[in-house]
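All remarks here apply to the structure that follows.
The values are calculated or read from the model by the stated rules, or taken from the named source; none is laboratory data. As the structure is a prediction and not an experimental result, all values here were calculated from the model. Every residue, glycine among them, receives a Cβ derived from its backbone with ideal geometry; neighbour counts consider all protein chains shown. Surface accessibility is based on the protein's heavy atoms, side chains included, excluding ligands, DNA and RNA. Shrake-Rupley method; radii C 1.70, N 1.55, O 1.52, S 1.80 Å.
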Amino acid sequence: MRAPLSEEDVRSLLQDRPEQTQTYPVSRELIGRIPPDSKVELRAVGDEETKQLAEYLEVDVEELDGPFRVVDVTCENCGRQITFLDFVQTAVDGGAHDRAQLTEILTGRGGAWITVRGLDGGRAVVCIGCGGTARMPDYSEYSSSSYMYA
């Protein structure tokens, strides 16, 4: 596992973004000190969505390290509201992360992580309702107590 980035390193990456969107380990305390890459308020994930996430990750809801927040966007293809699970399943299905790895991160057992949006504009999300690619605006898509998009 890579050594956690310092706050100075993260802020430097945010000032001079990398070419590609990348995820980095950080200290848990750093999650609350770095501003999210957000131009709008993220919505709180409700109990039903959290339960679906727990089922997908094959853990009890109580094991998840919330609260979870997600961009308030609907899929332009089918009109379904995009959830935190859409981002998780997209990462797993696309090979960016494996399910066990995300389970460790989203339960807090795997440390804290920050994804820094690169000059590539970030990663697309696939709607789990229709399978279409949902366009995301240029801001943070999701966060939890042990993970954030910056």
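May I ask you to compute the full-extension gain from ALA124 to ALA96, defined as 0.36 nm times their residue separation minus their alpha-carbon distance, rounded to one decimal in nm?
Working: separation 28, 0.36 × 28 = 10.08 nm, distance 1.16 nm.
My answer for the length gained is 8.9 nm.
Report the full-extension gain for the segment ARG2 to ALA44: residue separation times 0.36 nm, less the Cα-Cα distance, to one decimal in nm.
Full-extension gain reported as 12.1 nm.
Between segment 82-136 and segment 1-63, how many Å separate their Cα centres?
Here the two parts' Cα centres lie 10 Å apart.
Quick one: Karplus J couplings for segment 97-113, per residue in order, coefficients 6.51, -1.76, 1.60, θ = phi - 60°, nearest Hz, x for Gly and Pro?
Once rounded to whole Hz, the list reads 9, 9, 4, 4, 5, 5, 4, 4, 5, 7, 9, x, 6, x, x, 10, 9.
So who's got an amide H within less than 5 Å of the one on VAL45, skipping anything under 5 residues away but keeping other chains? H placed 1.01 Å off N, in plane.
Here PHE68, ARG69, VAL70 satisfy the definition.
Under the rule that a partner needs its Cβ under 4.7 Å from the first Cβ, which Cys of the chain have none?
That list is empty.
Can you give the percent of C-alpha pairs in segment 1-85 whose distance is more than 16 Å?
66 percent
In nm, to one decimal, how far is the modelled label at LYS51 from the one at ARG17, with both set 7 Å along Cα→Cβ?
3.7 nm
In whole percent, and with a 1.4 Å probe on the protein chains, what portion of the accessible area of segment 1-102 is carbon and sulfur?
46 percent
Check TRP113: other-chain or 5+ apart residues with amide H under 5 Å from its amide H, H built from backbone geometry?
Amide H neighbours of TRP113, under 5 Å, 5+ apart: VAL26, TYR147, MET148.
If contacts are Cα pairs under 8 angstrom and at least 6 residues apart, what is the relative contact order of the chain in percent? Don't skip to the answer; put the middle values down first.
Values: 264 pairs, mean separation 53.8, N = 150.
Relative contact order comes out at 36 percent.
Taking the highest mean first, how do the peptides 82-92, 124-134, 16-26 order by number of other beta carbon atoms within 10 angstrom per residue?
Highest mean packing first, the order is 82-92, 124-134, 16-26.
Spin-label point model (7 Å from Cα, Cβ direction): what's the GLU29 to VAL61 distance in nm?
Using points 7 Å along Cα→Cβ, the separation is 3.3 nm.
Rounded to the nearest 20 Debye, what is the dipole magnitude of the chain about its Cα centre when Lys and Arg each give +1 and Asp and Glu each give -1 at the C-beta? Intermediate values should be presented prior to the final figure.
Values: 15 positive and 26 negative charges, 66 e Å.
Once rounded to the nearest 20, the dipole reads 320 debye.
How much length is gained on full extension from ASP9 to THR74, taking 0.36 nm per residue of separation minus their Cα-Cα distance?
That pair, ASP9 and THR74, stretches by 20.0 nm at full extension.
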